1. Filter region 122-171 for residues that are touching a Lys or Arg at 6+ places or on another chain (Cβ under 8 Å) and in a helix (DSSP H, G or I); which is surrounded by the fewest Cβ atoms within 10 Å (Cβ to Cβ)?
2. Return the residue satisfying two criteria in turn: it lies in region 39-49 and is out of contact with any helix residue (DSSP H, G or I) (no Cβ under 8 Å at 6 or more places or on another chain), part of a loop (DSSP other than H, G, I, E, B) and of a type outside the set (Val, Ile, Thr), and of such residues it is farthest from LYS102 (Cα to Cα).
3. Please find, within region 60-97, the residue that is farthest from the chain's Cα centre (by Cα) out of those that are assigned to a strand (DSSP E or B) and either modelled with pLDDT under 95 or of a type outside the set (Val, Ile, Thr) (or both).
4. Here is a list of conditions, (1) of a type in the set (Val, Ile, Thr); (2) touching an Asp or Glu at 6+ places or on another chain (Cβ under 7 Å); (3) under 17 Å from ILE172 (Cα atoms), and VAL49 meets all of them except one; can you say which number that is?
5. May I ask you to list pairs of residues, at least six apart or on different chains, whose Cβ atoms are under 8 Å apart, with the first in region 79-99 being of a type in the set (D, E, K, R) and the second being part of a helix (DSSP H, G or I)?
6. Could you give every pair whose Cβ atoms fall below 8 Å, whose first residue belongs to region 36-54 and is within 10 Å of ARG93 (Cβ to Cβ), and whose second residue is at pLDDT 95 or above and small (Gly, Ala, Ser), counting only separations of at least 6 or pairs across chains?
7. With the condition kept exactly as written, say whether any residue in region 30-43 is more than 14 Å from VAL151 (Cα to Cα), surrounded by 14 or more Cβ atoms within 10 Å (Cβ to Cβ) and at pLDDT below 95.
Amino acid sequence: MKTNLKYVVLILICIFMSSCTHYIKPAKFDLDYQSLKSFRSNVPIQVLVPKNAETKYPVEFSGQQTTHANVYVDMNDLYKNAKELMEEVIIKRNVPLSNDSKKYLKFTISKVEWDVWAGGFLIGASLEFDIETENGYKKHYKVLDQSSVGVERAIGGTTSRAVEAIFQDEKIISYMESP
C-alpha cells in the first residue's frame, strides 16, 4: 500500500510540475545559530542588497527532465529575507547597525536553480551569491536547500543557508571584529 501511495504521489508531482508556471513567494526560515561563529564589535555596519531587483526572475531548472514547471521569484523577496536574517545575526551579536556606516556587507545573488531529487520526493534548490566588504574582500558562494513540500520552501530555505555560510566565514568574522 505504501509503495502504491509513493507512486501516486510521484505521478501527481510529475503532472503538477509539467508545463506549469509558478510565481513563488519564498518564506524566511530560522537560522541554525549553533553553526554560526561568534563575533563582537562596537563599529556600526550596514547590510547592502540591490534595490528594485527583477520581480519576475526565472529560476533555472537544473535537472535532466525535458518538461518541468516554469518557476519565477521576485528577487526583492529573496533580498529582503537575506537582509533581515543578516541584520538579525548582527543585532544578536550586539553590533550596531547604521545606514550611513562606511563598513558594510554587500549581498548580491547571481543565480537561483531548482531540481527534483530522490526520485521526485524532494525538491532541491541552490543559490549562488557574492558577499563583499568595504575593505575589498569578496567571495562567491553556492548553497543548497531541500524540501519535501515544494520548490517555494526549498528556494526560501536557501537564504537561510546563505546567511549561515556568510557568518561561518573566518574572513567575514575578522572583518566584523575589525575597527
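1. Checking each candidate, the answer is GLU170.
2. ASN42
3. In this case the residue turns out to be LEU97.
4. (2)
5. LYS92/TYR33; ARG93/MET176
6. Partner pairs satisfying both residue conditions: SER41/SER178.
7. Scanning region 30-43, I find no residue that is more than 14 Å from VAL151 (Cα to Cα), surrounded by 14 or more Cβ atoms within 10 Å (Cβ to Cβ) and at pLDDT below 95, so the answer is no.
The values are calculated or read from the model by the stated rules, or taken from the named source; none is laboratory data. Quantities reported herein were computed from a predicted structural model and do not represent experimental measurements. All Cβ positions, even for glycine, are placed from backbone atoms using ideal geometry, and neighbour counts span all protein chains on display.
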